[in-house]
Amino acid sequence: MNNQAQVYYFSNLDSTSKYLKELISQGVSSNTVIWADKQSQGKGRQGREWISPPGGLYFSVLLFSSSVPVKPAFSLVAGEAVVEALKLFSNKNIQIKWPNDIMVSGRKVGGILCESLNKNLIVGVGLNIKHPAKIPKKLKGKIGYLSDLECIPREKILEKILTHLFLYWEHFQKEGFSPFRERQLQLAYLLNREIIVDDCRGRMVDYGPSGELILLTEENERKKIIQGSVKELGGN
Ligand code: BTN
């Protein structure tokens, strides 16, 4: 396993991020990783449930920060760490959908939830790997699985993700989002797509200096979006 990390494995937890938050008050060190085979109360963005049956990869990483991190940007950078690690094992075109989704062929195969607690950042990562026997109706057609990774031991995948994540975190703390911007654009699922983010409609044309989404509206205005929920309007 990655020698920078202290990894604690559990066969079952309510939520790896929730458990990690509880450990912070007991003084755990940076780079502590909580990994569970399944979660009974996995948490996604905007309070949504993250369904976590066995066969996926669910973990949370504690990162100490010298300043309060720019959240949207690190969510993208953490996504990049995940994608670059997954690409070592998979030939699929794995992309990042702003701000925190991991996508394959238009379906969500993973998600990242970055939460700040004082100067701690908790990076929770959930990846769908093995197709479960049953998928909840509401998710059918929306989520996908990294089935080509099924035969790879999950500790190997975790190790590669952690190596990338720690490296990118160090770099991000010193230099912010800018050095990642070009690669992020190559990995951007939304690039050139017509979308609506809350009440703003346009085509994604760029990322801003802190990982903001830049939309070109029908009036030819560039709008900077810091946060929001994305709705897709059509194909490329
Ligand atoms: C999202 O796309 O909404 C983010 C999903 C993040 C899920 C992961 S699974 C490991 C960690 N523990 C949780 O309860 N949530 C995150």
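The values are calculated or read from the model by the stated rules, or taken from the named source; none is laboratory data. Worth saying up front: this structure is predicted, and the values here are computed from it rather than measured. For neighbour counting, all protein chains shown are included, and Cβ atoms are generated from backbone atoms with ideal geometry for every residue, glycine included. In case anyone asks, the SASA skips ligands and DNA or RNA and just uses the protein heavy atoms, side chains included. Shrake-Rupley method; radii C 1.70, N 1.55, O 1.52, S 1.80 Å.
In the context of the full protein assembly, E155 retains an accessible surface of approximately 90 Å², using a probe radius of 1.4 Å and ignoring ligands and nucleic acids. Among Y145, Y19, Y189, the largest mean-square fluctuation in a Gaussian network model of the chain, built with springs joining Cα atoms closer than 10 Å, belongs to Y19.
Check each of the trypsin sites (Lys or Arg not before Pro) in the stretch 132-172 and keep only those in coil by DSSP with at most 12 other C-beta atoms within 10 angstrom; list them in order. When the trypsin sites (Lys or Arg not before Pro) of the stretch 132-172 are filtered for loop state and at most 12 Cβ neighbours within 10 Å, K134, K140, K142 remain. Taking a spot 7 Å from the Cα of I214 along the direction of its beta carbon, which residues of the stretch 175-198 have an amide N less than 18 Å from it? Within reach of a label on I214: 176-195, 197. In whole angstrom, the stretch 172-221 maps to an equivalent ellipsoid with semi-axes of 23, 11, 9, each derived as √(5λ) from the alpha carbon gyration tensor and ordered largest first. Could you state the number of Å between the C-alpha centres of the stretch 106-120 and the stretch 159-213? One Cα centre to the other: 13 Å. Expressed in Å, the radius of gyration and Dmax of the Cα atoms of the stretch 1-82 are 13.1, 36.
For the chain, the per residue solvent-accessible surface stands at 49 Å², with DNA, RNA and ligands left out and a 1.4 Å probe. Shape descriptor for the stretch 131-192: Rg over Rh equals 1.09 (Cα atoms; Rh from the Kirkwood inverse mean 1/r). With 5 Å bins beginning at zero, the pair-distance distribution over Cα atoms of the stretch 6-187 amounts to 1, 8, 18, 23, 22, 16, 8, 3, 0 %. Close amide H contacts of Q6 (hydrogens built in the peptide plane, cut-off under 5 Å, sequence separation of 5 or more or a different chain): T32, V33.
With N set to the residue count of the stretch 92-170, report its C-alpha Rg divided by 2.2 N^0.38 Å to two decimal places.
Relative to the rule-of-thumb radius for its length, the stretch 92-170 sits at 1.21.
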